[in-house]
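S.K.: Sending over a structure as structure tokens; questions will come in a sec.
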């Protein structure tokens, strides 16, 4: 145990600790980028034997489709809601931090949008079908 006392914790380990200790808040500005991938669609059947998708906001509305993205450690969640002719991208932190000064990069088309914080969704006037989404932090150079 003594040999690990001088070992610096990785940012990933610090995030995991922050999730377990409510009083501890880890500043995401120390991380450069986090890649998020869609969760696997879970289908459930209701009592009428109709299939219900776990990631769909409203199964009866064919004009509203949702997709949820998580990073490997489930520290960040992104919810993409496509309406008939527009989209909203919501960014959440599971450690209840307000994320500030970051870019959202939507793949495969590498669409990049800057957000000052995550208190409001990113609103687009077209639909997106992302395969993955990256959050890039601390974008200003430090001189």
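S.K.: Can you name the number of the only condition in (1) in a strand (DSSP E or B); (2) modelled with pLDDT of 85 or more that residue 52 fails?
M.R.: Exception for residue 52: condition (2).
S.K.: Considering only residues that are outside any strand (DSSP E or B) and at pLDDT below 90, look in segment 122-143 and name the one that is surrounded by the most Cβ atoms within 10 Å (Cβ to Cβ).
M.R.: 138
S.K.: Report yes if some residue within segment 8-16 is modelled with pLDDT of 65 or more, under 23 Å from residue 131 (Cα atoms), in contact with a helix residue (DSSP H, G or I) (Cβ under 8 Å, 6 or more places away or on another chain) and surrounded by 14 or more Cβ atoms within 10 Å (Cβ to Cβ); otherwise report no.
M.R.: no
S.K.: Oh, and also: Every residue in segment 97-116 that is over 15 Å from residue 33 (Cβ atoms) and without any contact (Cβ under 8 Å) to a residue 60 or more places away in the chain, please.
M.R.: Correct list: 98, 108, 109, 111, 116.
S.K.: I've got another one for you. Return yes or no: is residue 95 outside any strand (DSSP E or B), buried (at least 16 other Cβ atoms within 10 Å of the Cβ) and out of contact with any strand residue (DSSP E or B) (no Cβ under 8 Å at 6 or more places or on another chain)?
M.R.: yes
S.K.: Say whether the condition of being surrounded by 13 or more Cβ atoms within 10 Å (Cβ to Cβ), within 15 Å of residue 133 (Cα to Cα), at pLDDT 95 or above and out of contact with any strand residue (DSSP E or B) (no Cβ under 6 Å at 6 or more places or on another chain) is met by at least one residue in segment 78-91.
M.R.: Within segment 78-91, none of the residues are surrounded by 13 or more Cβ atoms within 10 Å (Cβ to Cβ), within 15 Å of residue 133 (Cα to Cα), at pLDDT 95 or above and out of contact with any strand residue (DSSP E or B) (no Cβ under 6 Å at 6 or more places or on another chain).
The values are calculated or read from the model by the stated rules, or taken from the named source; none is laboratory data. On a predicted model such as this, the values are computed, not experimentally measured, just so you know. Every residue, glycine among them, receives a Cβ derived from its backbone with ideal geometry; neighbour counts consider all protein chains shown.
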